[in-house]
Amino acid sequence: MRKKLEDKRKKENTLCEGIPVIIQFLVRGFPLLNLGCPHSFLTVALLISCSVWQVKAEPDSDRRLYVNELKAPKSSKDLLTIQALILSSIQNSKLATVNIELEAGEGSGVIISPEGLVMTAAHVTTGVGEEFKVRFEDGSEHQAVSLGLDSQTDAALAQLKGGGPYPYVTVAASDDLKVGHWVYALGYSGGFDKERGIVARVGRIVREAEVTIQSDCAVIGGDSGGPLFNLKGQLVGIHSRVSSSKEQNMHVPIHVYKENWERLLDSEFIGEGPFAKKPQPGTAFLGVRVKSASGKGLQVLETWEGSVAEKNKILVNDIIISVGDTEVNDQKQLSSYLAKKAEKEFDEVKVERQGETIIIKIRYGSK
Amino acid sequence: MDLSKACFLLACFLWSSLSQAQQLEGAFRTNGKETRQAFRVPQEAIQKSSGVLYEGRRHYGFASLIDQRGYFFAKLSEYQKRETTYLVHKTTIYKELEEVAEIPEWDLILLKVNGQDLPQVTWSSENTEMGKWVVSNGATSKRRRRIRVGIISAKTRPVYMKGEVVLPFSWNEDKEKESVFVADNLDEKLDVIHSDLKEGDQLLRVGEVIIKDTESLEEALLTKVSGDSMTLGMKRGAREFEIEVLLKPRKEVYPRSGTRNDAMSGRISERRSGFPLVLQHSIPMTNRSVGGPLCDLDGKCVGMNISAFSRSESYAIPAEKLLEIFNDILKEPKKDE
């Protein structure tokens, strides 16, 4: 029975796609016209537009996705179908796949909006507010900043600076992926290599768990944070980690991102690891030597070379009035305030310089 | 059967069904037995055009049939490591192998067996597009070649020897002086031809390249292969002199220097880069599965596997280049003629 229904559906799809719109109109339209619709001109227009819509709504690629339902491909035709689906989307997928370079190493990511929102892995960005370089396959470089991350599942977002528009891919619906579906992986295996470009692999989803999907696309260091696509060219996962077996490659599924979407966009550091280490309070370092000023505040006597204070142009003889929302009048107040802050945390320093009040935005360094 | 036993069996059954629903059986994975059934055409081509190389009872690699007259290409650096090799094609064992030519630049050796009317290989003349299926040898028995499958996975290009071959001694870079100095002379152990080399000697030139830092040294060795001889310009105090050295594989000089990616890649090829042109594909390979043909879905040969580079990257010499090399060798007059 089910087979009959499937066969019927296939025939219907073929009809929608293979036959010119005007014939579809004749086949579909006459029964309706025979019902004696008074607005025949409107009906004709409506029917033509419906037929056109149906052709668009049931593209060839959807029909060819039957290969996902097969336990294994049966013939060259099935293999060619998988190949054709990959070929139809891989060029666009490549355009949106980027290399990410931080001090700690290289990884990959994928752009999911024309404004340059990037999905990647937490162990690639390593923190919130990290600034880094992003490279496209052609070698063009852009600056980016990491947004939020989930250190327990390895999910992370980043944002390209600059307005775009950037090439991007579509994210699949969360429940669109099943064990056995065919997928392909892209990434910068081993790091950026302009002559080689992006590396592709084909495979199947071999296991599904709560916050992880596993494929047999063999990924390696440098691919981390890179995209896993379904045969429609939609993003279904982000490369996270591997085991010693080439068939065991773990990816973060899309629903993990969607569940924490707002928090990730708000640059929140979620969880306590293991994929990223949350900076601990007491590790913040400003890099100034101060003494109490004659009125209020702290007078800067010296800034350490390479420190946050020096980089943000806090100058000798500036009077630090407050840090964050805390007024500081002696060294102890400053020390106890910094003891609650962590490296890489953002803050504001209010200083007086030659009678002028200046707010300096900083990001703490480490001792 | 008592109730508790029945409940236990039922629980086992349910658990087993559940775990099967969440996990794809091995046979249906990309390189599983059932999936491979669909690749019958290329599998026949692989069977027809592969030779298996044995040393004693152990197979150590493959060879690619090039010509019906019995010519096979094999990976030179693997072949050279063996004292004796015999080749099995289909079910025929060829113990006498004529070494027709060595082509170190491509890490190839052309072998000839005394066979008649070997099958004709069909070559592909089409461009290999990224994303297209390819098939190569997997595990093998003496009679039957199994296959492994993947796709063309990156641009076709030359791959250089970056970091693969090294000078046979350790060195230090002095960034302030923009110079490189000998750190530890290992000449006796590592065949420095000229033994007059001491710690602190400055390395001025490698071949014609002036050495100022790590990058210039890497640049000088980029197109070199293990075993190449290089002239080094050296300086000790005010005296300048030259020495001759043989380049070594990195693993030999720095046995523990593999990267994290190497550690997760299993048994990769010893010579894995330094080829004038390669096709890259995603078929997982080992050092023992290279040397054989790479075929497309029609069973046409698109190349010969030459390197298991890493867990996710394998290289093949494109068919067009193989034929070009083969035809050039046949054109050359033999030395005794």
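Nothing in this text is a laboratory measurement; each read-out follows from the coordinates by a stated rule. No experiment lies behind these values; they were computed from the predicted model shown. Reconstructed Cβ throughout: ideal geometry from the backbone, glycine too, with neighbour counts over all protein chains shown.
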message: How many angstrom lie between the Cα centre of segment A:117-187 and the Cα centre of segment A:288-360?
response: 36 Å
query: Using the Kirkwood formula over every pair of different C-alpha atoms, what hydrodynamic radius in Å results for segment A:281-351?
result: 12.0 Å
field: segment A:162-173 - phi-based ³J(HN,Hα) in whole Hz, Karplus 6.51/-1.76/1.60, Gly and Pro as x
entry: x, x, x, x, 10, x, 8, 10, 8, 8, 6, 5
statement: For A:G116, other-chain or 5+-apart residues with amide H closer than 5 Å (H placed, Pro excluded) are A:Y166
- prompt: Using a basic spin-label model with each label point 7 Å from the Cα along Cα→Cβ, how many nm lie between B:E34 and B:E208?
  reply: 6.1 nm
task: With +1 on each Lys and Arg Cβ and -1 on each Asp and Glu Cβ, and nothing else charged, work out how big the dipole of the protein assembly as shown is about its Cα centre, in Debye to the nearest 20.
output: 2860 debye
field: Difference of contour (0.36 nm per residue) and Cα-Cα distance, B:D174 to B:E252
entry: 25.6 nm
Charge dipole of the protein assembly as shown about the Cα centre (unit charges at C-beta), most positive-ward option of A:Q354, B:P158, B:L97: B:L97
- line: Given a Förster distance of 35 Å, the FRET efficiency implied by the Cβ-Cβ spacing of A:H142 and B:T223, rounded to the nearest 0.05, works out to 0.60
field: Among B:I317, B:I66, B:I243: highest mean-square fluctuation, GNM of chain B, C-alpha pairs under 10 Å
entry: B:I243
- line: Once amide hydrogens are built 1.01 Å from N within the peptide plane, the residues lying 5 or more places from B:G51 or on another chain with amide H under 5 Å from its amide H are B:A63, B:S64, B:L65
task: Hand me the tally of lysine pairs in segment A:70-278: alpha carbons under 19 angstrom apart, and the pair either on different chains or 8 or more positions apart.
output: 10
- request: Please find, in a Gaussian network model of chain B (springs between Cα atoms separated by less than 10 Å), the residue of B:S307, B:S170, B:S64 whose mean-square fluctuation is greatest.
  value: B:S170
Listed residues B:A220, B:A27, B:A63, most fluctuating in chain B (Gaussian network, C-alpha, under 10 Å): B:A27
task: Order by neighbour count: A:L315, B:L76, B:L297, B:L279, fewest other Cβ atoms within 10 Å first, most last.
output: A:L315, B:L297, B:L76, B:L279
- request: Could you work out how far apart the two model spin labels at B:K162 and B:T286 are, taking each label as a point 7 Å from the Cα in the direction of the beta carbon, and quote it in nm?
  value: 2.9 nm
message: Using only Cα atoms and rounding to the nearest 10 degrees, what angle (0 to 90) does helix B:40-49 make with the longest principal axis of chain B?
response: 50 degrees
query: Which log10 I(q)/I(0) values, to two decimals, does segment A:87-152 give at q = 0.18 Å⁻¹ under the Debye formula with one point per Cα?
result: -0.64
task: From the P(r) of the protein assembly as shown, can you give the percent of Cα pairs sitting at distances over 52 Å?
output: 27 percent
- prompt: In deg cm²/dmol, rounded to 500, what helix-only [θ] at 222 nm does the protein assembly as shown give when every DSSP H run of at least 4 residues adds -39500 (n - 2.57) and the total is split over its residues?
  reply: -7000 deg cm²/dmol
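Would you mind calculating the relative contact order of segment A:93-215 from Cα pairs under 8 angstrom and at least 6 residues apart, reporting the percent as a whole number?
Reported as a whole number, the value is 25 percent.
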- request: Would you mind getting me the FRET efficiency between B:K81 and B:E105? Use the beta-carbon distance for r and R0 = 22 Å, nearest 0.05.
  value: 0.75
field: Spin-label pair B:Q23/B:E44, simplified geometry with 7 Å Cα→Cβ offset, distance in nm
entry: 3.7 nm
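Counting Lys and Arg as +1 and Asp and Glu as -1, what is the net charge of the other residues whose Cβ lies under 12 Å from the Cβ of A:Q248?
Around A:Q248, the charge tally is +3.
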message: Given Cβ point charges of +1 (Lys, Arg) and -1 (Asp, Glu) and nothing else, what value in debye, to the nearest 20, does the dipole of chain B about its Cα centre take?
response: 1880 debye
